[in-house]
Amino acid sequence: MAHDASARGGMPAARPGIVVGMEAEARLIRAFAPDAAIGVSGATRAGAEAAVATLLQSGVDAILSFGLAAGLDPALRPGAVLVPRHVVLPDGRRLAADPGWLAWLGDGRPDIVSTDLLHSDDVVVTAGRKGACFRRTGCAGLDMESGIVADACVRAGVPFAVLRVVCDPASRSLPPAAVLALGPDGGIGIGRILASVLRRPSQIPALVALGRDAGQARSRAIAFLRGRLSGNP
C-alpha cells in the first residue's frame, strides 16, 4: 500500500521509482521529482524489463510509468492527461493501478482521462492500426512501458500507477523518421532523422505536425506536474 502524500504534494511513496521510455521524459520529471529513482527503457521490451527489475531490486516501494502516449480514442487531442485505472496487456489481462496513487494523481477530475491504457511491445505507427486497437479494447491510449511496469509490480506486490500525456492523436500516422529517431538508450538520434528526411522529404510536414503535438503534450505534462507536486489541485 502506498504511503500518504506529504503536505508539500510529494509522491505517495517513501522511495518512488519512475519508468519512462525516453531520456527527454526522464529529464522532464526529474525536475519535479529529483529524489525518485528513474529507469529509461529506450522504448524496447527488454529495456523496460531491465529498468523495472533494477528499480525493484533497489528497493523502491512504488513505481510510476510516466511519459507520452499514443492516443487511441479519437476524441482525445494532444495534451490529454491519462491516469488509467487499468493497464491492458497484449494477452487481455487488465491490471489495476493502486487506488492511493490514482487518488493522488487526480482520478475522477474532469480534466483527467481515467479510461484504461493499452500496452504494446512495438510502435503503433498508423492511424488505421490505432483505430483497430481502440475498437478492440476501448483503451484511451497506448504506450510501451506501462504493461511491463504493471505486470512486474503486481507480481512483486508493489503499487504502481500510470501518468501519460497524449502526443500523437488517433488520427495521426507517424512518419518514418519519428519511428527511427529513438535509440536504445532513450535518446533521440538526429542523424537518423536527417538521413530519413533526405531519403523521403515528403514526410517533413508530418514531422512538423508531430513536433507541434509533442510540444503541446510536454507543456501539459509540465503544468500537471507543477500543480501536482506543489500540492495544488
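The values are calculated or read from the model by the stated rules, or taken from the named source; none is laboratory data. This structure is a prediction, so every number in the text was calculated from the model and none was measured. Here the Cβ is made from the backbone with ideal geometry for all residues, glycine too, and neighbour counts use every protein chain on show. Note: areas computed on protein heavy atoms with side chains; ligands, DNA, RNA excluded. Shrake-Rupley method; radii C 1.70, N 1.55, O 1.52, S 1.80 Å.
Overview of results
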read-out: Conditions (1) in contact (Cβ under 8 Å) with a residue 60 or more places away in the chain; (2) within 16 Å of Ala161 (Cα to Cα); (3) open to solvent by 10 Å² or more (accessible area, probe 1.4 Å); number of the one not met by Ile29; value: (3)
read-out: Residue within region 67-90 that is more than 19 Å from the chain's Cα centre (by Cα) and either within 22 Å of Arg226 (Cβ to Cβ) or open to solvent by 20 Å² or more (accessible area, probe 1.4 Å) (or both) present; value: no
read-out: From the options Asp107, Asp91, residue that is without any contact (Cβ under 8 Å) to a residue 60 or more places away in the chain, closer than 21 Å to Thr44 by Cα and either charged (D, E, K, R) or touching a Leu at 6+ places or on another chain (Cβ under 9 Å) (or both); value: Asp91
read-out: Residue within region 149-161 that is open to solvent by less than 20 Å² (accessible area, probe 1.4 Å) and closer than 28 Å to Leu207 by Cα present; value: no
